[in-house]
Amino acid sequence: MARHLPPVYSPVGLGAIVSSVFSRRESSHTQLIGLLGDHFDAEHALLTGSGTQALQLAISAALSEGAPVALPAYSCFDLVSAAVGARAPISFYDIDPQTLTPDLDSLERCVSEGARTIVAGNLYGYPLPWSELRKIAAHHDAILIEDAAQGLGSIGQGTPAGKAGHYTVLSFGRGKGWTGGGGGALLVGGGLDVPSLPPGTAVSRLRPAATSLAAWLLGRPSLYGIPASIPQLALGETVYHPPRAPGSISTFSAALARRTRAASVDAIPLRREQARRWAQEILDRDPNGDRILPCLPIGDFDSASSLRFAVRLQGADLTSDTWDRLRRHGVESGYPVPLPRLPEAWGLFKGDPTAFPGAEALSASLVTLPTHSWVRDVDRTTVLDLLTGSAS
């Protein structure tokens, strides 16, 4: 099997997987809740079946009657799924395509027009301007929900991800940096409504255990080409998933998330260094940004957790063969359409779905470059040769 890099990799060891299979439910949940409280200073931690379910619960708890929830116009489709599950009217704000942060003027318009719940999420580990976001929320008496699924390890204006919102959403799914093979968590600050989960809704441990074992075995470059070649797995594709009734995390995922916490933190410095190298080599190759424009984090690279490195392609018309070669080196396209264009959002959003130029630009041009430990010099060279048109 030819070498094939995954676009993102969450460190997990076989020993942690095996140990988690035999963990007891009560101790696994209690220990993970304690870890979350210690790391994120959370008053309450609710362990859920997925990060999307955690976000759905947060929106439901924070929503003011009749007021919309403000969502970024460019992000994972699961944000719309969570709003649909919460039956929340939606207002969208635009994204700055250079830094992947909220367009603050656009967000200000959202809350000025009535939104009283704001969802702000890190894209690919890029930090957010939490000081400005908290000011906007405070000025309008709005609740700020931090979607930290992709952001753990980033630091926005001095605030570590996971500590910025009134509610904070975590995901332990595949490719999120900190993995449990599935599941999520909702962290709730003091004085806020704490949602509850119906009893007896825990997810089976079998599926996340099988997913984690497959990721451990097949996530390495020598074998990743096998799952990547199976269309039914839809690896790398962005698909809308209808909302599900929130349930509890599986015992396996709770145990594995606790065991992989240290490894997820240890992986961040290397990812930051990989992102720096991408940025420098792109600058050396294309100093004027004629073909490749890097998306650069606010602050510096030490503020980002660099889950992936995002770039925008300028006027590139890549053939299917070129895309196949790029994907073998871990390159992946971004979200294919802005969230306001999703049919599932139309019944909840009353505005113009085309009125978000930043999100439109990102959907049309953004690709991500891998930053994990499998990336080698030859991968960077090959990718940049292909993107600048100098590959043979």
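The values are calculated or read from the model by the stated rules, or taken from the named source; none is laboratory data. Please read all numbers here as calculations on a predicted model, not as lab measurements. Positions of Cβ are generated from backbone atoms using ideal geometry, with glycine treated the same way; all protein chains shown enter the neighbour counts.
Of note:
Here's the yes/no breakdown for (1) surrounded by 13 or more Cβ atoms within 10 Å (Cβ to Cβ); (2) touching a residue at least 24 places away in the same chain (Cβ under 8 Å); (3) within 30 Å of G225 (Cβ to Cβ):
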| residue | (1), (2), (3) |
| --- | --- |
| H4 | yes, yes, yes |
| V8 | yes, yes, yes |
| V12 | yes, yes, yes |
| I17 | yes, yes, yes |
| S20 | yes, yes, yes |
| R25 | yes, yes, no |
| S28 | yes, yes, no |
| G34 | no, no, no |
| D38 | no, no, no |
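- Selection from the stretch 146-161 of residues that are surrounded by fewer than 24 Cβ atoms within 10 Å (Cβ to Cβ) and either closer than 26 Å to A16 by Cβ or of a type in the set (D, E, K, R) (or both): P160
- Residues in the stretch 8-26 that are farther than 23 Å from Q274 by Cβ, of a type outside the set (A, V, I, L, M, F, W, C) and out of contact with any helix residue (DSSP H, G or I) (no Cβ under 8 Å at 6 or more places or on another chain): G15, E26.
- Taking strands (runs of 3 or more DSSP E) as the structural unit, those lying wholly within the stretch 129-229 and holding at least 2 residues that are closer than 23 Å to R259 by Cα and out of contact with any Lys or Arg (no Cβ under 9 Å at 6 or more places or on another chain) correspond to 167-171, 184-188.
- Selected residue (only one of G177, G125, G173 is surrounded by 24 or more Cβ atoms within 10 Å (Cβ to Cβ) and modelled with pLDDT under 95): G177
- Residue match in the stretch 226-233 (condition: touching a residue at least 40 places away in the same chain (Cβ under 8 Å), touching a strand residue (DSSP E or B) at 6+ places or on another chain (Cβ under 9 Å) and assigned by TED's automatic domain parsing to the domain that holds S27): no
- For the stretch 77-118, the candidate set comprises residues that are part of a helix (DSSP H, G or I) and small (G, A, S); within that set, the residue that is nearest to P242 (Cα to Cα) is S81.
- Some residue of the stretch 287-294 being over 25 Å from P336 (Cβ atoms) and either assigned by TED's automatic domain parsing to the domain that holds E132 or touching a strand residue (DSSP E or B) at 6+ places or on another chain (Cβ under 8 Å) (or both): no
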